[in-house]
1. Say we look at segment 406-427 and pick out the residues that are in contact (Cβ under 8 Å) with a residue 40 or more places away in the chain and in a loop (DSSP other than H, G, I, E, B); which of these is surrounded by the fewest Cβ atoms within 10 Å (Cβ to Cβ)?
2. Exactly one condition in (1) of a type outside the set (Phe, Trp, Tyr); (2) part of a strand (DSSP E or B); (3) in contact with a Gly (Cβ under 8 Å, 6 or more places away or on another chain); (4) open to solvent by 40 Å² or more (accessible area, probe 1.4 Å) is false for Arg393; which is it?
3. Does any residue of segment 17-39 turn out to be open to solvent by 20 Å² or more (accessible area, probe 1.4 Å), of a type in the set (Ser, Thr, Tyr) and not in a loop (DSSP other than H, G, I, E, B)?
4. On the basis of being open to solvent by 10 Å² or more (accessible area, probe 1.4 Å) and part of a strand (DSSP E or B), does Asp223 make the cut?
5. Do you know which residues across segment 1-16 are outside any helix (DSSP H, G or I), in contact with a helix residue (DSSP H, G or I) (Cβ under 8 Å, 6 or more places away or on another chain), open to solvent by 40 Å² or more (accessible area, probe 1.4 Å) and farther than 18 Å from Glu86 by Cβ?
6. If Val120 satisfies every condition in (1) of a type in the set (A, V, I, L, M, F, W, C); (2) closer than 13 Å to Leu92 by Cβ; (3) in a loop (DSSP other than H, G, I, E, B) but one, which is the exception?
7. Testing Ala399 on (1) touching a residue at least 40 places away in the same chain (Cβ under 8 Å); (2) open to solvent by less than 20 Å² (accessible area, probe 1.4 Å); (3) hydrophobic (A, V, I, L, M, F, W, C), one condition comes back false. Which one is that?
8. Can you pull out the residues in segment 388-426 that are polar (S, T, N, Q) and within 20 Å of Asn38 (Cβ to Cβ)?
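The values are calculated or read from the model by the stated rules, or taken from the named source; none is laboratory data. Since we're looking at a predicted model, the values are computed, not measured. Here the Cβ positions follow ideal geometry from the backbone for every residue, glycine too, while neighbour counts run over all protein chains shown. Calculation scope for accessible area: heavy atoms of the full protein, side chains included, ligands and nucleic acids excluded. Shrake-Rupley method; radii C 1.70, N 1.55, O 1.52, S 1.80 Å.
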Amino acid sequence: MTLPEDFIKQTRAFMDDDTWLKLRQGLDGEAPVSIRLNPLKCRYGGVEVEGCCGGVPWCADGRYLSARPNFTFDPMLHAGLYYVQEASSMFLDTVLRQYAGGRPVMMLDLCAAPGGKSGVARAALAEGSLLVSNEPVRARAQVLAENMAKLGHEDVIVTNNYAQDISRSGLEFDVVLADVPCSGEGMFRKDPGAVSEWSLQNVEKCWRLQREIVADVWPCLRDGGLFIYSTCTFNTKEDEENVQHICYELGADVLAVDTGGDWGLTGSLLDGFNAPVYRFLPGVARGEGLFMAVMRKHGETPQSDNLPKTKKAKKERRQGGKDSGANPCTAWLKEPDRFDTVTLGGALTAIPKAWRGAFDTAARRLNVLSAGVRLGEVKGKDVVPSQALALSRVLAPSAFPAAGLDYAQAIAYLRKEAVALPAGTPRGYVIVTYKGAPLGFEKNIGNRANNLYPAEWKIKSTHTPEGDNEVIKAPPQPSQREGA
């Protein structure tokens, strides 16, 4: 890899010769391949990962693979059983389980697309927690919404806003993750374009922008709240110097994270700054470039319930999400009494009552793309069930009849091609599954079945590689509707 001379000079200025040599050699090596199993859908006892060459030590759900398969053609990826994710970013799991796993919290993932860290967060947070997963760039926010739907957890709101909009909304969070835009030095090995786009001027632009973003979001972090700052870059201007700025100018203390074994982590590289920070360097750690620091905002942590249930929240309900009243579609859900039904983006949506106040505030003051469980769209007297419902962990087992597909049929379905259902399949809406994992809906009208897979999600490639391309090898598991 040919590196910019300015990058070499800058990096060698804060890195000793031994560390630089390891990094330089690492950047010329192959990037490791890793996935994170979705604990909401994967049964570890029956799961064998094809090509697995070890677990990710800082995340129990992470697995390294010996080679990169053609993930696109694995139905289990589309069903949300796992997510293709760079191993270093899974370090968030260790952080959250140490500092935010004991009780339900409200968490904001500020710059969340495409959704890897939000998936880690939702798996690590205690049940009853609410995750607001936000992305300011509209096109990226749509990808985020898709990936969070595949995750299948109901306690998530996906928004498309800037940091200052969220701070003005009135929502307050116990945990804020700011994985801020950066100069992308940690992406050099993965993305050759990151090398050509790098410049000292961009580093200067990035560290200033990062401080602006943090300052904008800081007011919505509760006193005593947890602030997690991360970048995918190496330099101290965007990393340690910004952590110093947050601590001294905004008021926070840096927290140490319990790490185990030889994970290859690199600490502070800034002279005179000895606070615990965590840097993953290619060639030193088994992953791509990542920097992370964990801070506690000054002030006492409130012990009261953090989900809005005040008179103000009741007012927001009237002005926010529009109630749809009693709706038979809630019978599609396990424990339907846990949910209110609202109309969001033209679709019937089930919102857990536990955080209805937070949703109403968000619906009134933010651009909410999805929340809770999208049930379906009203078409005349019919309600067409949504893809998110098919992938949700709270879909009731008996809500719809199911039809199992073989591998070729599953790929055809994911291409949004016509797929014939087995003889005797009841008419109406049918969940199609692959090895027990729901893929989506078809509508059986007798002589044919209409494929309801979202057009924007479909596999666009017409080529199918040889073999079944499955990453997860497991005996057939019962589908959701059969009691999984």
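1. Residue satisfying both the conditions and the ranking: Arg415.
2. (2)
3. The answer is yes; a qualifying residue exists.
4. Details: open to solvent by 10 Å² or more (accessible area, probe 1.4 Å): yes; part of a strand (DSSP E or B): yes.
Taking the combined requirement at face value, the residue satisfies it.
5. Of everything in segment 1-16, just one residue is outside any helix (DSSP H, G or I), in contact with a helix residue (DSSP H, G or I) (Cβ under 8 Å, 6 or more places away or on another chain), open to solvent by 40 Å² or more (accessible area, probe 1.4 Å) and farther than 18 Å from Glu86 by Cβ, namely Thr2.
6. Exception for Val120: condition (3).
7. Ala399 satisfies every listed condition except (2).
8. Scanning segment 388-426 gives a single hit, Ser392.
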